[in-house]
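No value in this document is a laboratory result; all are computed from the given coordinates. Everything numeric here is computed off the predicted structure, so don't read it as measured data. Here Cβ is always computed from backbone atoms with ideal geometry, including for glycine, and neighbour counts include all displayed protein chains.
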């Protein structure tokens, strides 16, 4: 690949990757805080308002760090730590009540596993070209 394309593509890739996390916090979790906390309580998450506040911080801070590539490994860790319980509590196909719900939860589970893999890759290899970490 042309070296002149590596940085723009890596930046675009990081932005695409974190869009789901940042938009989840900004368009759902923050404006619907009480409703989301109630949903978290209903699936057994302890201290749901505290957990939700923490999740929002992890989502926003992790997204910014990965997007700009500054301390991106730590940002990826925050997003990974969000994904693990979110996947377990909200996307467990083995707890689904119907075959259609099982299918939907399996799709979400696999999507989250893919995102976890991306976070592990960033943690292992760094954010790549065009990142603030690379400029050090």
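For the chain, count the residues as N, evaluate 2.2 N^0.38 Å, and divide the Cα radius of gyration by that value, please.
1.15
Quick one: Cα centre-to-centre distance for the range 85-129 and the range 1-25, in angstrom?
20 Å
On C-alpha positions alone, give me the angle between the axis of helix 33-42 and the longest principal axis of the chain, in degrees, nearest 10.
Rounded to the nearest ten degrees, it is 60.
Fewest first, what order do 71, 95, 135, 14 take by the number of other Cβ atoms within 10 Å?
Final ranking by Cβ density, sparse to dense: 135, 95, 71, 14.
What residues of the range 22-49 lie in the reach of a label at residue 95, counting those whose backbone N is under 11 Å from a point 7 Å from the Cα along Cα→Cβ?
Hits in the range 22-49 for residue 95 at 11 Å: 40-46.
Modelled label-to-label distance, residue 32 and residue 70, 7 Å Cα→beta-carbon offset: nm?
Placing both labels 7 Å beyond Cα along the Cβ direction yields 3.2 nm.
How far apart, in nm, are two points set 7 Å out from the Cα along the Cα-to-Cβ line at residue 1 and at residue 41?
4.7 nm
Could you state the angle between the C-alpha long axis of helix 3-24 and the longest principal axis of the C-alpha atoms of the chain, as a value from 0 to 90 degrees rounded to the nearest 10?
20 degrees
To test your reading of the geometry: what angle, between 0 and 90 degrees and rounded to tens, separates the Cα axis of helix 99-125 from the longest principal axis of the chain?
Its long axis makes an angle of about 30 degrees.
Multiplying the sequence separation of residue 15 and residue 103 by 0.36 nm and subtracting their Cα-Cα distance, what value in nm do you get?
Full extension from residue 15 to residue 103 adds 28.8 nm.
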